[in-house]
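Engineer: One structure, as structure tokens, below. Some questions next.
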Ligand code: CIR
């Protein structure tokens, strides 16, 4: 069970962040509202929310998930893979050091937390444009020293592993078709998303609830089989910046 969620407000320069999306120009007014609703939801679910101010000169810094990997035992501070994001992690470290032992990824290793999927007591680390093999192996070695099993997965298309696969509890993964036959996922039940609903792969299991992006009815119906309350949130402006529900917080 998670007690805390670490989040950061999007800043007025958030639209200068990295994006490949063709979803249009994002609105600052709207992303602030959507972020407020996200924070309120975390609070309603009983989490203590640590809300940081925007980080000047780092327009992507509200995607805090990419700056650390937190387990019950340790917080691993990453080196984000995008040059423009390297430095976001320095303001996260002192916050997490109040709660966990700190370990660090070192260059030339890079890791984005969005590539790190914890499913039960196993970790899957995506190798992507952001997370390199060196970074994945550094992280794997740290996780192994705390007793975790880990594997790497090639992410291929898509920003991060968790843009396409997430663990929703009940030994179940929600994922896009590309990942459905991966041997590494053989022991899991799977909710495979329709082409039109792939964005719903970024569904967040938070204690005894699921938070999913609004507007994916087939995915929602399948997720209802998990048997926990489902909260839908509109994150349209976050999607325009290639982000989703998981990247807006670190849960621990
Ligand atoms: C980026 O390209 O780094 C940001 N605009 C989006 C990061 C999203 N993070 C995530 O999915 N964990």
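Engineer: Take the residues in the range 15-37 that are in contact with a helix residue (DSSP H, G or I) (Cβ under 7 Å, 6 or more places away or on another chain) and under 18 Å from residue 163 (Cα atoms); name whichever of them is farthest from the ligand (Cβ to nearest atom).
Structural biologist: 23
Engineer: Just the residues that are more than 23 Å from residue 40 (Cβ to Cβ), in contact with a strand residue (DSSP E or B) (Cβ under 9 Å, 6 or more places away or on another chain) and surrounded by fewer than 22 Cβ atoms within 10 Å (Cβ to Cβ), please, taken from the range 199-223.
Structural biologist: Result: 222, single match.
Engineer: Hey, residue 46 hits all of (1) free of Cβ contacts under 8 Å to residues at least 60 places away in the same chain; (2) surrounded by fewer than 17 Cβ atoms within 10 Å (Cβ to Cβ); (3) away from the ligand (no atom under 16 Å from the Cβ) but one; which does it fall short on?
Structural biologist: Looking at each condition in turn, residue 46 falls short on (1).
Engineer: Counting residues that are under 18 Å from the mean Cα position of the chain (by Cα), at pLDDT 95 or above and away from the ligand (no atom under 16 Å from the Cβ), which strands (runs of 3 or more DSSP E) fully inside the range 144-232 reach at least 2?
Structural biologist: Details: elements: 149-154, 165-169, 172-175, 189-192, 204-206, 209-213.
Those strands (runs of 3 or more DSSP E) span 149-154, 165-169, 172-175, 209-213.
Engineer: Can you find a residue that is without any contact (Cβ under 8 Å) to a residue 60 or more places away in the chain, buried (at least 17 other Cβ atoms within 10 Å of the Cβ), part of a helix (DSSP H, G or I) and within 16 Å of the ligand (Cβ to nearest atom) anywhere in the range 80-91? Let's see the steps before the verdict.
Structural biologist: Step one: filter the range 80-91 for residues without any contact (Cβ under 8 Å) to a residue 60 or more places away in the chain, giving 80-81, 83, 86-91.
After this cut, where a residue has to be buried (at least 17 other Cβ atoms within 10 Å of the Cβ) as well, the list is 80-81, 88-89.
Checking which are part of a helix (DSSP H, G or I) leaves us with 88-89.
In the following step, the residues that additionally are within 16 Å of the ligand (Cβ to nearest atom) were identified as 88-89.
Scanning the range 80-91, I find at least one residue that is without any contact (Cβ under 8 Å) to a residue 60 or more places away in the chain, buried (at least 17 other Cβ atoms within 10 Å of the Cβ), part of a helix (DSSP H, G or I) and within 16 Å of the ligand (Cβ to nearest atom), so the answer is yes.
Engineer: Take the residues of the range 49-62 that are touching a strand residue (DSSP E or B) at 6+ places or on another chain (Cβ under 8 Å) and within 15 Å of residue 113 (Cα to Cα): which is surrounded by the most Cβ atoms within 10 Å (Cβ to Cβ)? Spell out the reasoning first.
Structural biologist: Going through the range 49-62, the residues touching a strand residue (DSSP E or B) at 6+ places or on another chain (Cβ under 8 Å) turn out to be 49-55, 61-62.
After this cut, where a residue has to be within 15 Å of residue 113 (Cα to Cα) as well, the list is 61-62.
On the way: 61: 28, 62: 26.
Among those residues, the one meeting the criterion is 61.
Engineer: Determine which member of the set 40, 65 is out of contact with any strand residue (DSSP E or B) (no Cβ under 8 Å at 6 or more places or on another chain), under 28 Å from residue 232 (Cα atoms) and outside any loop (DSSP other than H, G, I, E, B).
Structural biologist: Working: 65 fails: out of contact with any strand residue (DSSP E or B) (no Cβ under 8 Å at 6 or more places or on another chain).
The match here is 40.
The values are calculated or read from the model by the stated rules, or taken from the named source; none is laboratory data. Keep in mind that what you see is a predicted model, and the values were worked out from it rather than measured. Glycine gets a Cβ as well: all are built from the backbone with ideal geometry, and neighbour counts include every protein chain shown.
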